[in-house]
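*Asks:* Sharing a structure, written as structure tokens. Questions coming.
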Amino acid sequence: MRSHIQNLFIALFLLIPLSVSDVAAESLLSGEEIARRINARNEGEVVSRFITMAMTDRSGTERVRETKSLRKYFGKEKRTIIFYLSPSNIKDTAFLTYDYPEADRDDDQWLYLPAARKVRRISASDRGDYFLGTDFTYEDIRKETKVGIEDYSWKTLGEETIDGHRCFLVEEIPVNEKMAQELGYSKVQSWIDAEIWMVRQAKYWDVAGNPLKTLQVREITLIQDIWTAHQLSAENHKTGHKTVFTFKDVNYGQSVKDEMFTEDALRRGY
Amino acid sequence: MACSYTHCGILALAGWLIAASALAESTPDDTKSSLLSNHRFSAVLESEAAYGTATDRADKMEFVLDPQWEYRWSEDTRVTGIARLYTEGFDHLEPGRLSQGEVSPNSRRLQLGDRTDIELREFYLRTRLWGTHLTLGKQQVVWGKADGLKLLDVVNPQNFREFILDNFDDSRIPLWTLNAEWSIGGGNLQLLWIPDRTYHKLPQTGGTFAFSSPLIVPQAPPGVAVNLRPLERPNNIATDSDIGMRFSKFWHGWDLTVNYLYHYADFPVFFQSLHLTPGGATVTVNPRYVRNHLIGGAFSNAFGNLTMRGEAIYNTDQFVLTRNRRDGDGVIKSGEIAYVLGLDWSGMQDTLVSAQLFQSWLLHPAGGIVRDTLDTTTTVLLRRHFLNETLDAEVLWLQSVNQGDGLIRPKISYELRDNLKIWTGFDLFYGDRNGLFGQFDRNDRLVIGMEMGI
């Protein structure tokens with residue numbers, strides 16, 4: 001009898017960690033599932049906003065650009081256009097991108113340079129190049145707060161708290177060397193809010209494995225029932241350069257014509 | 001002149017009628033940010049100096065102030081005005097009083113002495129009316145995908161004061177134009193009516209970049225006097241207007257355009273006649289503008305690290321100088337097919353390598369013409385950004401394959417502050433003095449400049 005009870009206790013003792021482990025496994029979602037939830041987050045069919053881009057170099061010299069940005073979904077295809085409003089010497093510069101849902105289809109990008117008054121097609125494989133002097137890459141601009149699921153292998157490392165919010169810590173490794181070269185990263189670690197599925201912080205390593213930059217997403221509030229980040233900052237640890245995007249007048253309800261997302265709209269300006 | 005004023009009055013009235021309709025139809029945009037009050041003022045001050053390394057003299061010291069005003073009635077309707085105050089310290093580029101014979105009276109610069117002038121660069125109303133995007137007024141219309149040399153970018157004429165060294169945005173001469181665009185069939189149809197009869201502003205005799213190449217300027221045989229007659233300009237606003245059409249469409253990843261322009265070619269044709277008098281032979285040169293149909297198209301697409309772009313055109317009436325003395329007027333008329341093919345490679349971060357091949361082929365060449373039947377020019381551009389695009393380094397190389405001459409332009413620019421950019425570079429010409437580039441072989445120069453946004 002004693003040995004039966006003893007065996008039962010032993011069995012229960014052995015089961016407890018298993019059960020705890022199961023619970024932990026359930027709450028610690030897989031990296032791919034977290035990425036899917038990030039991309040499934042509602043970001044509105046259309047959004048219109050002003051973005052102030054403040055760039056500061058190591059010596060503290062600041063450059064500020066005021067821009068107007070429009071984004072619209074055409075089915076699953078995302079189109080974004082950004083018009084530069086100031087300073088006057090780069091005013092009217094404009095950038096247009098078509099982000100396709102198909103993983104094997106290159107995105108399309110155009111840049112309007114007022115000095116030439118011509119729209120220039122940009123290679124979509126410039127994904128890892130920095131966008132017009134900022135610390136955000138063309139890929140960052142295109143994805144906004146979404147992620148490229150197929151570009152990385154995803155692994156959940158654990159949970160941590162960022163600014164008082166429970167976050168999953170996920171490690172992303174580019175699927176191959178070519179992709180790493182294309183994106184400009186060998187590894188990314190992201191802290192993803194477990195409630196609203198938005199990246200709150202991310203750290204990037206360059207292709208040589210050195211710390212490259214840190215992204216922070218702040219001032220996240222609900223606008224028209226959509227979680228909206230009002231400040232994105234990226235600090236490059238190699239150059240000491242920092243970029244802060246501040247979003248103003250975010251509006252998900254504005255009517256935006258389809259023809260705003262064309263090469264001709266780039267020329268006509270905002 | 002009275003007729004000209006009448007036409008201007010009718011144009012202005014029509015413009016105001018359309019503007020009034022647009023303003024009535026548009027509702028004020030109350031969702032605008034505080035960033036966008038109805039009025040926007042800005043200005044760009046640019047100064048550039050050049051020192052001729054071969055001539056050992058300062059060639060240029062210019063100051064250009066471009067104030068810009070914009071009044072925004074609504075999201076779709078706005079009025080833009082850009083003026084230009086231009087002053088030149090040495091008066092070498094356009095020496096003396098400007099002769100503005102190529103420019104229509106309504107587009108001329110107001111001269112304040114030999115070295116300073118004021119110009120209304122652009123002044124237009126942009127609106128959307130009955131599904132049509134309208135841009136009415138003095139403006140630039142830019143077609144094409146090529147860099148550095150022009151095939152389709154011929155809607156607006158150009159000021160050749162600095163040959164092709166000046167920024168095209170600055171050297172392009174805006175024209176009074178009615179520009180209407182519609183969204184049709186998933187594409188964009190643009191129609192142009194250009195009553196402004198302004199043509200290329202060619203450098204004056206004595207100017208640093210005055211043309212001397214026999215490819216452009218007729219050469220009188222030794223001992224023959226030349227009688228250059230005044231330039232004949234088209235003078236009928238109705239029958240001498242230019243009209244243009246462009247249809248553009250994004251199709252399976254390709255940016256495609258089809259273009260048509262019925263215009264006066266912006267270079268005058270130098271018709272010549274030889275007269276024998278008791279005092280000797282005299283060549284009378286009658287410069288005159290000639291009509292041309294331009295039919296063409298452009299494309300671009302991206303494939304991985306490569307972007308491919310191109311233009312092709314057919315000109316129905318191209319005139320070429322001839323050395324054949326039995327030719328009646330010193331020029332021959334031919335059709336021309338020309339194209340440019342460009343490849344941009346951006347496989348290295350922050351780096352652009354771009355190469356272009358231009359070819360022009362005369363369809364009906366005749367013996368004695370001053371140019372080859374097939375004329376080829378190549379360009380290579382290397383550009384790299386540093387320090388978050390605050391520092392740019394580039395080299396542009398243009399080479400005429402036929403003449404063996406060319407131009408090399410290394411340049412470094414640095415964004416000192418948010419709205420302040422400085423640059424320095426060289427313009428280095430080389431080759432046969434009969435060539436388009438080689439004619440300026442003695443004009444190599446060191447350039448320094450600054451641009452400030454206000």
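A short reminder: the numbers here are calculations on the coordinates, not readings from a lab. The shown structure was predicted, so the numbers you read here are calculated from the model rather than taken from an experiment. Cβ sites come from the backbone with ideal geometry, for glycine too, and all protein chains shown count toward neighbours.
*Asks:* Rounded, prolate or oblate: which fits the range A:66-109, taking a ≥ b ≥ c as square roots of the Cα gyration tensor eigenvalues, rounded meaning a/c under 1.5, else prolate when a/b beats b/c?
*Replies:* On the way: a/c = 5.60, a/b = 2.44, b/c = 2.30.
Note, shape of the range A:66-109 comes out prolate.
*Asks:* In whole angstrom, note down how far apart the Cα centers of the range A:134-161 and the range B:122-145 are.
*Replies:* Distance between centres, Cα-based: 40 Å.
*Asks:* Loop sites only, by DSSP: take the GluC sites (Glu not before Pro) in chain A that have at most 11 other C-beta atoms within 10 Å and name the longest stretch containing none of them.
*Replies:* Working: sites that count: A:GLU102, A:GLU195.
Longest site-free region, per DSSP loop and neighbour criteria: A:1-101.
*Asks:* On to the next question. How well do other chains shield peptide A:85-94, expressed as the mean number of their Cβ atoms within 10 Å of each residue Cβ? Write down the numbers at each step before the final one.
*Replies:* Values: counts 5, 6, 9, 14, 14, 6, 6, 1, 0, 0.
The shielding value for this peptide is 6.
*Asks:* Taking only the C-alpha atoms, wrap a convex hull around the range A:28-97 and report its volume per residue in Å³ as a whole number.
*Replies:* Values: hull volume 9.7 nm³, N = 70.
Considering the Cα atoms of the range A:28-97, their hull volume per residue is 139 Å³.
*Asks:* Starting from the Cα gyration tensor of the range A:31-268, take the square roots of the eigenvalues, sort them a ≥ b ≥ c, and report rounded, prolate or oblate (rounded when a/c is under 1.5, otherwise prolate if a/b is larger than b/c, else oblate). Show your work: numbers first, answer last.
*Replies:* Numbers: a/c = 1.39, a/b = 1.29, b/c = 1.08.
Cα axes put the range A:31-268 in the rounded bin.
*Asks:* With just the Cα atoms of chain B, tell me how far they stretch along each of the three principal axes, in Å, largest first.
*Replies:* That works out to 78, 56, 51 Å along the principal axes.
*Asks:* Now for a different question. As a test of the definition: which semi-axes, in Å, follow for the range A:134-270 when you take the square root of five times each eigenvalue of its alpha carbon gyration tensor? Largest first, please.
*Replies:* Working: eigenvalues 144, 86, 44 Å².
One finds semi-axes of 27, 21, 15 Å for the range A:134-270.
*Asks:* Restricting to Cα pairs below 8 Å that are 6+ residues apart, what does the relative contact order work out to for chain B? Please round to a whole percent. Intermediate values should be presented prior to the final figure.
*Replies:* Numbers: 1120 pairs, mean separation 52.4, N = 454.
Result for chain B is 12 percent.
*Asks:* Taking amide hydrogens as modeled 1.01 Å from N in the peptide plane, which residues meet the under 5 Å criterion relative to A:SER88, leaving out close sequence neighbours?
*Replies:* Here the answer is B:ILE454, since their amide H atoms fall under 5 Å of that of A:SER88.
*Asks:* Further question on the same structure: Roughly speaking, what is the stretch gain from B:LEU357 to B:LEU231, that is 0.36 nm per residue apart minus the C-alpha to C-alpha distance, in nm to one decimal? Can you show the working numbers first?
*Replies:* On the way: separation 126, 0.36 × 126 = 45.36 nm, distance 3.39 nm.
Stretched out fully, the B:LEU357 to B:LEU231 stretch lengthens by 42.0 nm.
*Asks:* Next up: With each label point set 7 Å from Cα along the Cα-Cβ vector, what nm distance links B:ARG291 and B:TYR71?
*Replies:* Going from the B:ARG291 label point to the B:TYR71 one covers 3.9 nm.
*Asks:* Could you pull out the pairs from A:LYS91/A:LYS155; B:LYS201/B:LYS249; A:LYS238/B:LYS145; A:LYS242/B:LYS411; A:LYS78/B:LYS411; A:LYS238/B:LYS60 whose alpha carbons sit more than 31 Å apart here? Please report the intermediate quantities before stating the final value.
*Replies:* On the way: A:LYS91/A:LYS155 42 Å; B:LYS201/B:LYS249 33 Å; A:LYS238/B:LYS145 36 Å; A:LYS242/B:LYS411 27 Å; A:LYS78/B:LYS411 38 Å; A:LYS238/B:LYS60 41 Å.
The answer is A:LYS91/A:LYS155; B:LYS201/B:LYS249; A:LYS238/B:LYS145; A:LYS78/B:LYS411; A:LYS238/B:LYS60.
*Asks:* Related question: Near the amide H of B:LEU391, under 5 Å away, which other amide H atoms are found, from residues 5 or more places off or on another chain, if H is placed in the peptide plane?
*Replies:* Correct list: B:PHE386, B:GLU415.
*Asks:* Provide the per-residue ³J(HN,Hα) series for the range B:200-214, in order, calculated from phi with Karplus coefficients 6.51, -1.76, 1.60 and θ = phi - 60°, each as a whole number of Hz, with x at glycine and proline positions.
*Replies:* 3, 8, 8, x, 6, 4, x, x, 4, 10, 4, 5, 9, 5, x
*Asks:* Give me B:VAL217, B:VAL269 sorted ascending by neighbouring Cβ count inside 10 Å, so fewest comes first. Don't skip to the answer; put the middle values down first.
*Replies:* On the way: B:VAL217 15, B:VAL269 21.
Ranking B:VAL217, B:VAL269 by Cβ neighbours within 10 Å, fewest first, gives B:VAL217, B:VAL269.
*Asks:* Counting other Cβ atoms within 10 Å, keep those with at most 12, restrict to DSSP loop, and tell me which trypsin sites (Lys or Arg not before Pro) in the range B:273-353 are left.
*Replies:* Passing sites in the range B:273-353 are B:ARG325, B:ARG326.
*Asks:* Moving on. Among A:SER186, A:SER69, A:SER59, whose mean-square fluctuation peaks in a Gaussian network model of chain A (Cα, cutoff 10 Å)?
*Replies:* A:SER59
*Asks:* What list of ³J(HN,Hα) couplings, whole Hz, do you get for the range A:255-270 from phi and the Karplus terms 6.51, -1.76, 1.60, once you set θ to phi - 60° and write x for glycine and proline?
*Replies:* These are the phi-based 3J(HN,Hα) values: 7, 10, 5, 4, 5, 5, 10, 10, 4, 5, 5, 4, 5, 5, x, 9 Hz.
*Asks:* List the trypsin sites (Lys or Arg not before Pro) within the range B:46-124 that DSSP assigns to loop and that have no more than 12 neighbouring Cβ atoms inside 10 Å.
*Replies:* Working: sites: B:ARG57, B:LYS60, B:ARG72, B:ARG78, B:ARG84, B:ARG97, B:ARG108, B:ARG109, B:ARG115, B:ARG121; in loops: B:ARG97, B:ARG108, B:ARG109, B:ARG115.
Here the sparse-neighbourhood loop sites are B:ARG97.
*Asks:* Viscosity 0.890 mPa s, temperature 25 °C: give me the Stokes-Einstein translational D for the range B:300-376 in µm²/s, with Rh taken as the Kirkwood radius over C-alpha pairs. Walk me through the numbers on the way to the answer.
*Replies:* On the way: Rh = 14.6 Å.
It diffuses with D of about 168 µm²/s by this estimate.
*Asks:* Hey, another quick one. Sketch the reach of a paramagnetic label on A:ASN39 as a point 7 Å from Cα along Cα-to-Cβ, and name the residues of the range A:71-86 whose backbone nitrogen lies under 13 Å away.
*Replies:* A:76-78
*Asks:* Helix A:31-40 sits at what angle to the longest principal axis of chain A, using alpha carbons and giving 0 to 90 degrees rounded to 10?
*Replies:* 40 degrees
*Asks:* Using the Kirkwood formula on the Cα atoms of the protein assembly as shown, what hydrodynamic radius do you get, in angstrom to one decimal? Write out the running numbers ahead of the final one.
*Replies:* On the way: mean 1/r = 0.0348 Å⁻¹.
Averaging 1/r across every pair of different Cα atoms and inverting gives 28.7 Å.
*Asks:* For B:THR284 paired with B:VAL401, estimate the spin-label separation in nm (one decimal), with each label point 7 Å from Cα along the Cα-to-Cβ line.
*Replies:* For B:THR284 paired with B:VAL401, the spin-label model returns 4.2 nm.
*Asks:* Using 0.36 nm per residue, how much length does the chain from B:ALA393 to B:VAL380 gain when fully extended, once their Cα-Cα distance is taken away? Please list the in-between numbers first.
*Replies:* Details: separation 13, 0.36 × 13 = 4.68 nm, distance 1.40 nm.
So the chain would gain 3.3 nm between B:ALA393 and B:VAL380.
*Asks:* If you count the DSSP beta bridges with both ends in the protein assembly as shown, what percent of them are antiparallel, to the nearest 5?
*Replies:* Looking only at bridges with both residues in the protein assembly as shown, the antiparallel portion is about 100 percent.
*Asks:* Give me the distance in nm between label points sitting 7 Å out from Cα along the Cα-to-Cβ direction at B:TRP251 and A:PHE74, one decimal.
*Replies:* The two pseudo-label positions are separated by 1.6 nm.
*Asks:* Take every DSSP beta bridge with both residues inside the range A:31-268 and express the antiparallel ones as a percent of the total, to the nearest 5.
*Replies:* Roughly 100 percent of the DSSP beta bridges within the range A:31-268 come out antiparallel.
*Asks:* What are the trypsin sites (Lys or Arg not before Pro) within the range B:353-450 that DSSP puts in a loop, where the Cβ has at most 16 other Cβ atoms within 10 Å?
*Replies:* Answer by residue number: B:ARG433.
*Asks:* What does the charge dipole of chain B about its Cα centre add up to, to the nearest 20 debye, if the Cβ of each Lys and Arg holds +1 and the Cβ of each Asp and Glu holds -1? List each step's numbers first, then the result.
*Replies:* Details: 42 positive and 53 negative charges, 191 e Å.
Taking the Cα centre of chain B as origin, the dipole is about 920 debye.
*Asks:* Taking chain A as a Gaussian network, where each spring joins two C-alpha atoms under 10 Å apart, which residue of A:ARG121, A:ARG105, A:ARG65 fluctuates the most?
*Replies:* A:ARG105
*Asks:* Can you tell me which aspartates and glutamates have their Cα less than 13 Å from the Cα of A:LYS68? Leave out same-chain residues fewer than eight positions away.
*Replies:* Candidates past the 8-residue exclusion: A:ASP92, A:ASP249, B:GLU75.
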